[in-house]
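**Q** Structure incoming, see below.
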Amino acid sequence: MKYLLDYQEGERVVTYCLVKSKEAGVASNQSEYLNLELGDRSGTISAKLWDVTPELKDEIQVKAVIKIDATVQSYRGKKQLVIQRVRVATAADEVAMETLIPMSAVPVDELWQKLTEAVNSLKSPTLKTIVTEAIEDPETSGRLRSFPAGVRMHHQYYHGLLEHIVSLLAAAERLMPLYPLVDRDVLIATCILHDIGKLYELSDPIAPEYTTPGQLIGHLVMGVEMVSGICRKHGIPLGDAEVLHLKHCILSHHGDIENGWGSAVSGKTPTALLFHYLDMIDSKMNALGQTLTEMKEEEEWAYSAVVKRKIWRGY
């Protein structure tokens, strides 16, 4: 099966895809058109739909599944679709969700098993209670099995956040023997809960947008609020040293506040500092890996937004 990004310039594309964004415009002849961002499991591509009727403009909404008949063209060096015909998909089309959105290459059940093993390895009753309560909440666990780690920068695909967490857990286990100053249980709990607020900072796993609480509060503070709520439910003192350490690691994991990357405080323990760098490594390596994967065979260089420079594939 071919996906959107598999088609080359000049080819006809007849397929189902997901509307990721929509912007209306008016052409020089006063007819309306739509600029769309369409996606499937291969990624996203821009599309143009000319001479849009009012009825079609209302039907095509963000997060709608549509069937298109289009042609691939080149515009400013990039592929785009020019749509000739389009309709909204119906239940009778039986479109499989896994064909519409990028997904982690690792099965969700395999990732969840590794997450569960990490939780069971915690020695601290306090941290084990907090983490267990967080991931076993039906709403939170459902979101964790599906939500991406972000909208654009890294692990931005279905159950990408869960993959990110498991990757961090693996890296932490390998590095901890080198740094005995690190509190193992706090580090493991931070790996699992550092981005838990993203499950409510983002709207959904299909075409995520930032929610109002996400924009006003942010996932670091939202995550700490979740921890505090669990502590109150189980009678765990908010002044408990492990609770304070966990919260500190969550609030500082974007690095020194002087960097302007969103931390509420700068890291003040070996555990907090190590976790920040683990998170940086895993997020950047994932983003760079995606950039390299998306490069054409003939390309030697490609720009990576996560490092704000071109990266080389000649090694």
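**Q** Being farther than 22 Å from L169 by Cβ and out of contact with any His (no Cβ under 7 Å at 6 or more places or on another chain) is true for just one of G314, G262, G289. Which residue is that?
**A** Result of the check over G314, G262, G289: G314.
**Q** Would you mind finding the one in G229, G214 that is touching a strand residue (DSSP E or B) at 6+ places or on another chain (Cβ under 7 Å), free of Cβ contacts under 8 Å to residues at least 24 places away in the same chain and not in a loop (DSSP other than H, G, I, E, B)?
**A** Going through G229, G214 in turn, just one is touching a strand residue (DSSP E or B) at 6+ places or on another chain (Cβ under 7 Å), free of Cβ contacts under 8 Å to residues at least 24 places away in the same chain and not in a loop (DSSP other than H, G, I, E, B): G214.
**Q** Please note which helices (runs of 4 or more DSSP H) are completely contained in segment 110-209 and include at least 1 residues that are under 12 Å from the mean Cα position of the chain (by Cα) and either of a type in the set (A, V, I, L, M, F, W, C) or surrounded by 20 or more Cβ atoms within 10 Å (Cβ to Cβ) (or both).
**A** Ranges flagged: 138-144, 160-175, 198-201.
**Q** Based on what the data block shows, is V72 crowded, with 17+ Cβ neighbours inside 10 Å and either outside the structural domain of H164 (by TED's automatic domain parsing) or in contact (Cβ under 8 Å) with a residue 40 or more places away in the chain (or both)?
**A** yes
**Q** Modelled with pLDDT under 95 and among the aromatic types (F, W, Y): which single residue out of Y158, Y179 fits that description?
**A** So the residue among Y158, Y179 that is modelled with pLDDT under 95 and among the aromatic types (F, W, Y) is Y158.
**Q** Within segment 41-71, can you find the residues that are at pLDDT below 90, touching a helix residue (DSSP H, G or I) at 6+ places or on another chain (Cβ under 6 Å) and part of a strand (DSSP E or B)?
**A** G43
**Q** Do any residues in segment 292-315 that are in contact (Cβ under 8 Å) with a residue 40 or more places away in the chain have Cβ atoms under 8 Å from those of residues that are loosely packed, with under 12 Cβ neighbours inside 10 Å and of a type in the set (G, A, S), where the two are at least six apart or on different chains, and which pairs are they?
**A** none
**Q** Okay, next question. What's the total number of residues in segment 252-271 that are without any contact (Cβ under 8 Å) to a residue 40 or more places away in the chain and in a helix (DSSP H, G or I)?
**A** 3
**Q** Name every residue in segment 217-226 that is among the β-branched types (V, I, T) and part of a helix (DSSP H, G or I), in order of residue number. Explain how you work it out, then say what you get.
**A** First, the residues of segment 217-226 that are among the β-branched types (V, I, T): 217, 221, 224.
Residues satisfying the conditions are V221, V224.
**Q** Can I ask one more? State all residues of segment 1-14 that are part of a strand (DSSP E or B) and crowded, with 18+ Cβ neighbours inside 10 Å; if no residue qualifies, say none. So that I can check it myself, show each step before the final result.
**A** Narrowing segment 1-14 to residues part of a strand (DSSP E or B): 12-14.
Answer for segment 1-14, where residues must be part of a strand (DSSP E or B) and crowded, with 18+ Cβ neighbours inside 10 Å: just V13.
**Q** Being out of contact with any strand residue (DSSP E or B) (no Cβ under 9 Å at 6 or more places or on another chain) and closer than 13 Å to I165 by Cβ is the filter here, so list the residues in segment 88-109 that pass it.
**A** Matches in segment 88-109: V106 only.
**Q** Can you say whether V227 is surrounded by 21 or more Cβ atoms within 10 Å (Cβ to Cβ) and more than 20 Å from A172 (Cα to Cα), as far as the supplied structure shows?
**A** Judged against the criteria, V227 is a match.
**Q** Determine whether segment 234-251 contains at least one residue that is assigned to a helix (DSSP H, G or I), within 26 Å of L181 (Cα to Cα) and basic (K, R).
**A** Yes: segment 234-251 contains one or more residues that are assigned to a helix (DSSP H, G or I), within 26 Å of L181 (Cα to Cα) and basic (K, R).
Here is a yes/no grid of residues against (1) surrounded by 13 or more Cβ atoms within 10 Å (Cβ to Cβ); (2) closer than 30 Å to G223 by Cα:
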| residue | (1), (2) |
| --- | --- |
| N259 | no, yes |
| S283 | yes, yes |
| K308 | no, yes |
| I311 | yes, no |
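The values are calculated or read from the model by the stated rules, or taken from the named source; none is laboratory data. Bear in mind that the values here come from a model prediction, so they are computed numbers and not experimental data. Heads up, the Cβs are rebuilt from the backbone with ideal geometry, glycines too, and the neighbour counts pull from every protein chain shown.
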